[in-house]
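Trainee: My questions will all concern the structure given below.
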Amino acid sequence: MPSLTLTVRLLTPHSDLWDWQTRALCRTTRADVFFGPDGESRATRIRRERQAQELCRSCPVRHECRRHALDVGEPYGVWGGLTESDRRFGQDRPQLNPQSNRKPARSLRISPRHPRPGRQ
């Protein structure tokens, strides 16, 4: 009869997955450079994001940070030089080859029965 003994394996930490964070330049920078407050004005956000991106440009682990943010779908802050909108709208992805054989996207047509947007 087979043994019904439960074998317990202890989980071991995989520090190699997160080790890049110990070498990041942002560890010594205030978090409010990378994460804006609620109700932040557009001009302030742009200045803050540019400051964060400038720091990211010289960071030795920028690519690991960017990959992490894209892999986990990080919704907030500047990660690896990418802003929230860069990640949301895929600005990190390579542009499509203009000579590819893909069909052009269909244009949006508005029904003549409905008013044009912005008009009453």
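Computed from the coordinates by the stated procedures, all read-outs in this text should not be read as laboratory data. Just so it is clear, the structure is predicted and the values come from calculations on it, not from any experiment. Every residue, glycine among them, receives a Cβ derived from its backbone with ideal geometry; neighbour counts consider all protein chains shown.
Trainee: Just to confirm a number: summing +1 for Lys and Arg and -1 for Asp and Glu over residues other than ARG27 whose beta-carbon lies under 15 angstrom from that of ARG27, what do you get?
Mentor: Local charge sum for ARG27: 0.
Trainee: Moving on to the next point. Given the peptides 57-69, 33-45, 75-87, arrange them by the average over their residues of other C-beta atoms within 10 Å, most packed first.
Mentor: Packing proxy ranking, top to bottom: 75-87, 57-69, 33-45.
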